[in-house]
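The structure under discussion appears below in the form of structure tokens.
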Amino acid sequence: MRILKAGFVGVVVGALSVCSADAGVGVAAKVGTLGFGADLTVGVSERTNVRLMYNTASYDFVRDEDEGEVQTDFDWQSYGALIDWHPAGGGFRISAGLFKNDNVVDLTGDLDDAVNLGGIDFALSALVGQVTFEEVAPYIGFGFG
């Protein structure tokens, strides 16, 4: 379902980029470490843009260990709002803004054998964990485009 949603976003973004290129508005589809994404860029002056971003990805995998099975579920979803400054008026930009993170990593383990930690055996039947990120994160970067 998430791949279908990302594909739909890509098609819509591609269609919008053709329609809006002359209006001071740019739309882009992308793939990166944050997953599939779309950017909406609006020019506010000759050297300054405002850029809104959306990224999403989901990846699940299972690994069999001697002690049992471990499942990891990555669910990435983030939104960004940036100001891009083009100091020389060309493609190089310096960006600053904020990202809202809804990124989560869930870990579950169905363990059959004892787990040895520091020379001590622990009898566990299940292992559950979650990695979360700061809800809002500042962003500073540079790039071309």
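We did not get these values from a lab; they are worked out from the coordinates using the rules stated. None of the values given here were measured: they were computed from a predicted structure. For neighbour counting, all protein chains shown are included, and Cβ atoms are generated from backbone atoms with ideal geometry for every residue, glycine included.
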Ranking of 45, 78 by count of other Cβ atoms within 10 Å, fewest first
45, 78
Rounded to whole Hz, the Karplus (6.51, -1.76, 1.60) HN-Hα couplings of segment 119-126, x for glycine and proline
x, 10, 7, 10, 8, 10, 9, 8
Could you grab the relative contact order for segment 67-145? Cα pairs under 8 Å, six or more apart, rounded to a whole percent.
36
Using unit Cβ charges (K, R positive; D, E negative) and no other charged atoms, how large, in debye to the nearest 20, is the dipole of segment 22-129 about its Cα centre?
1280
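In nm, what is the difference between 0.36 nm times the number of residues separating residue 98 and residue 60 and their Cα-Cα distance?
10.9 nm
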Using modelled backbone amide H atoms (1.01 Å from N, in-plane), which distant-in-sequence or interchain residues come within less than 5 Å of residue 145's amide H?
92, 93
Enumerate by residue number the GluC sites (Glu not before Pro) in segment 45-128 meeting two conditions: DSSP loop (anything except H, G, I, E, B), and at most 12 other Cβ atoms within 10 Å of the site's Cβ.
46
Please report the relative contact order for segment 49-91, taking Cα pairs under 8 Å with a sequence separation of at least 6, and give it as a percent rounded to a whole number.
48
Quote to one decimal, in nm, the extra length available between residue 107 and residue 134 on full extension: 0.36 nm per residue of separation minus the C-alpha distance between them.
7.9 nm
Rounded to whole Hz and in sequence order, give me ³J(HN,Hα) for segment 104-113 from the Karplus expression 6.51 cos²θ - 1.76 cosθ + 1.60, θ = phi - 60°, writing x for Gly and Pro.
9, 10, 9, 10, 9, x, 9, 9, 9, 10
Hey, can you grab everything whose amide H is under 5 Å from the amide H of residue 58? Only 5+ residues off in sequence or another chain; H modelled, so Pro and N-termini drop out.
76
Residue-wise HN-Hα coupling along segment 47-59, computed from phi with Karplus coefficients 6.51, -1.76, 1.60 (Hz; x: Gly, Pro):
10, 10, 10, 10, 10, 9, 10, 9, 9, 8, 6, 9, 8
